[in-house]
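Q: Submitted below is the structure of interest, expressed as structure tokens.
What follows is calculated from the coordinates using simple rules that are stated; it is not laboratory data. Just so it is clear, the structure is predicted and the values come from calculations on it, not from any experiment. In this analysis, Cβ positions are derived from the backbone assuming ideal geometry, glycine residues included, and neighbour counts consider all displayed protein chains.
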Amino acid sequence: MATALTAEERSELATSRPDWSVDEKSMTRTFTFVDFGEAIAFVARTALAAEVLDHHPDIDIRWNRVTLVLSTHSAGGLTELDQDLASTVDGFV
């Protein structure tokens, strides 16, 4: 089972990932694309990466915007799994 990040680790995460909003329980980022097709392609890549990590984000799709919320519910907050998935999806854009 994944272990929740400490306050210090969350602070370091927020500093290292300035495009993400990091709080005690989750991290959030909205990605903007040219159109719906590109947004859905990003969601498909994200879904495949999530399956590989066996760690699934909350996904909100609004035409050309995709908002991801990462959290490890079983740990009650952020874990390394969230960091790993954020790193992967950041590489898609």
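Q: Of the listed values (i) 72, 35, 15; (ii) 38, 25, 19; (iii) 71, 41, 21, grab the one calculated as Cα extents along the principal axes in Å from the structure here.
A: Identified label for the calculated read-out: (ii).
Q: Whats the longest run of the chain with zero chymotrypsin sites (Phe, Trp or Tyr not before Pro) that are DSSP loop and have at most 14 other Cβ atoms within 10 Å?
A: Longest stretch, sites excluded: 1-62.
Q: Which length gain, in nm to one decimal place, applies between ASP54 and THR30 when the Cα-Cα distance is subtracted from 0.36 nm times their residue separation?
A: In short, 6.5 nm is gained.
Q: Helix 80-90 versus the longest principal axis of the chain: what angle, 0 to 90°, nearest 10, using Cα atoms?
A: 30
Q: Among VAL89, ALA39, THR28, pick out the residue whose Cα is farthest towards the positive end of the charge dipole of region 7-90, where Lys and Arg carry +1 and Asp and Glu carry -1 on C-beta, about the Cα centre.
A: It is ALA39.
Q: Before rounding to the nearest 500, sum -39500 (n - 2.57) across all DSSP H runs of length at least 4 in the chain and divide by the residue total; then give [θ] at 222 nm in deg cm²/dmol. Kindly include the intermediate steps, with their values, before the conclusion.
A: Numbers: 3 runs with 39 residues, N = 93.
After summing the helix terms and dividing by residue count, I get -13500 deg cm²/dmol.
Q: Next up: If you keep only loop residues by DSSP, which GluC sites (Glu not before Pro) in region 1-92 have at most 13 other Cβ atoms within 10 Å of their Cβ? Each step should come with its number before you reach the end.
A: Working: sites: GLU8, GLU9, GLU12, GLU24, GLU38, GLU51, GLU80; in loops: GLU24.
When the GluC sites (Glu not before Pro) of region 1-92 are filtered for loop state and at most 13 Cβ neighbours within 10 Å, GLU24 remain.
Q: If Lys and Arg each add +1 and Asp and Glu each add -1, what is the summed charge of the other residues whose beta carbon sits under 13 Å from the beta carbon of ALA75?
A: Numbers: positive: ARG10, LYS25; negative: GLU9, GLU24, GLU80, ASP82.
Taking every Cβ under 13 Å from that of ALA75, the sum is -2.
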